[in-house]
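Here, each number is a calculation from the coordinates, and none is a lab measurement. These numbers come from a predicted model, not from an experiment. Cβ coordinates were reconstructed from backbone atoms using ideal geometry, including for glycine residues, and neighbour counts include every protein chain displayed.
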Amino acid sequence: MLPYSDQKEKLNKIKSGKLSLKENIESFLQRIEENKKLNAFNFVLDNEAKADAERIEQKIKAGKAGRLAGMVIAVKDVLSIKDKPTTCSSDILRSFTSVYTATAVQKLIDEDAIIIGKTNCDEFAMGSSNENSAFGPVLNPIDNERVPGGSSGGSAAAVAAKLCDAALGSDTGGSIRQPASFCGVYGLKPTYGRISRYGLTAFASSFDTVGAFANNVYDLSILTEVMSGKDEKDSTSSDNKIPEITNNLTADDRKFRIGIAKEYFGKGLSSEIREENKKLIKKLADSGFEIIDITLPHSEYTIAAYYILTTAEASSNLARYDGVKYGHRTKEKAPLTEMYKASRSEGFGSEVKRRIMLGTYVLSHGYYDAYYIKAQKVRRLIKNDFDEAFNKVDIILTPTTPTTAFKLGEKSSDPLEMYLNDIFTTSANLAGIPGISIPIGKDSNGLPIGTQLLAKQFDELSLLQLSYFIEQKIFT
Ligand code: GLN
């Protein structure tokens, strides 16, 4: 649908005059307008994007442009861009303007990418369907009666509907991989610490990661490579060496050992998803990859541990929204503590309130040991499971989600049902390891099915190499 297959080809076409960046931006803006009902964007930076296109087109022609020159990127509305709103799709931040730019976004700008707007998401990135947004739900571009997944639903929908070349999201428990799977695009959650969190609104600080969505593995690789690296402004960012990914995207000479954990293929998994994943495993075996059965014995505790630990961290992180320092303040004339209460009650949506209450509960005296400390111990056991597995295999292959995209409203009245969507994705955040979701087929309703690949910490290269092999050699 786009007149190029990836950023490499786009750049070449602009250089040789076969593609006008100005027209490219205009056609994206027109598509955004035509697809307004998807509700993928919270706001569009049309004038800025047009001005950038002109400036960057000149740079490209002069041979002075960066690696991402002209790549059109949408940014989840939880990442800051100086002098632009960052709403987190919440009423409490509806009128908030960022005072600095997130490092991940700045790195894209420095390489001459064009930011086209901020995308809709679940409020404060809490959700699996994008139905928790103060700006209304996002529709899945493949079937408008269905959700795009969450919480980065707007980013996934924008990439799938070709409203941009790529998009940024955040992944605390699956918010990049699950919507990527529901919308049929590629999405990568990096190792914790690989990409700076500076300028990312905190949800659960020991789980949060920034990553990208794209329509192909090359674009995802170049974005991951550019955004990676130590940042003085985020003390949890890592100075672990950044591998050259885009120059090494050929899996031909690496026969990875691929692990299959029975815990990820058990009850509750849709039979069509199981079948498509099994077919892929068979094709990989036929291509010479070694397939090894492994076990991740603590998998059944991931959802419980995840929702105890992330709500605990969220309850602390969200304490800053008090009507004084940031965002919405109640109009009620009330004493200070009443003012805090009223501002928060008016500003937060119901899922955010549920998480703050759950988190406050598990941290409270008397429950702290029983829930919070216990969950921390479980987190360690889950991490140990992965360490052990990665002694035997290079990559673990699982389905990304237990079902394909569900209908709007289908799960919104039952939080537990909704949380179970994250059953295969939260483990990577508990263990801090990288994960990718890649599209591998469709179910009988024509809805995308995804496979998740997991690797050991800082091994994004293997994930992207195997994804590239699958994209180029298996699904050609
Ligand atoms: N769906 C998960 C949740 O609701 C994951 C969210 C995320 O990764 N930001 O917590």
Would you kindly calculate the translational diffusion coefficient of the chain, applying Stokes-Einstein with the Kirkwood radius from alpha carbon pairs, for 20 °C and a viscosity of 1.002 mPa s, and quote it in µm² s⁻¹ without decimals? 96
Dipole of the chain, positive direction: furthest Cα of A312, Y301, S413, with charges on the beta-carbon: A312
Expressed as a whole percent, how much of the Cα-Cα distance distribution for region 16-120 exceeds 24 Å? 26
In µm²/s, what is D for region 1-57 at 4 °C and 1.567 mPa s, where D = kT/(6 pi eta Rh) by Stokes-Einstein and Rh is the Kirkwood radius from Cα pairs? 105
Farthest positive-ward along region 333-476 dipole, Cα basis, beta-carbon charges - from M357, P439, Y372: M357
Please compute the volume of the convex hull spanned by the alpha-carbon atoms of region 364-443 and report it per residue in Å³. 122
About the Cα centre, and with charges only on the beta carbon of Lys, Arg (+1) and Asp, Glu (-1), how big is the dipole of the chain? Nearest 20 debye, please. 380
Run the dipole for region 328-380 about the Cα centre, Lys and Arg Cβ at +1, Asp and Glu Cβ at -1, nothing else charged, and hand back the magnitude in debye, nearest 20. 240
Starting from the Cα coordinates of region 182-257, work out the convex hull volume and express it per residue in Å³. 137
Cα lying deepest toward the dipole's positive end in the chain, options F390, I242, G136, charges on Cβ: I242
Listed pairs K84/K331; K50/K241; K64/K241 exceeding 29 Å between Cα atoms: K50/K241
Region 196-235 shape via C-alpha gyration tensor axes, a/c threshold 1.5: oblate
Centre separation in Å (Cα based) which lies between region 42-101 and region 298-354: 28
Would you mind pulling out the separation of the Cα centroids of region 185-235 and region 418-476, in Å? 15
Could you pull out the pairs from K37/K118; K283/K456; K107/K279; K15/K76; K162/K473 whose alpha carbons sit more than 27 Å apart here? K107/K279; K15/K76
Once the Cα gyration tensor of region 280-371 is diagonalised, what are the square roots of 5 times its eigenvalues, in whole Å and ordered largest first, as equivalent ellipsoid semi-axes? 44, 18, 9
For region 84-179 the chymotrypsin sites (Phe, Trp or Tyr not before Pro) that pass both the DSSP coil test and the at-most-16 other-Cβ-within-10 Å test are Y100
Please state the charge dipole magnitude for region 298-434, taken about the Cα centre, from unit charges on C-beta atoms (+1 on K and R, -1 on D and E), reported in debye and rounded to the nearest 20. 580
Tensor-based shape of region 376-418 (alpha-carbon gyration tensor, a/c under 1.5 rounded, otherwise prolate or oblate): oblate
If you scale each eigenvalue of the Cα gyration tensor by 5 and take the root, what three semi-axes come out for region 135-243, rounded to whole angstrom and sorted largest first? 25, 15, 10
Loop-resident trypsin sites (Lys or Arg not before Pro) in region 278-347 with no more than 14 other Cβ atoms inside 10 Å, DSSP not H/G/I/E/B, are K325, K331, K333
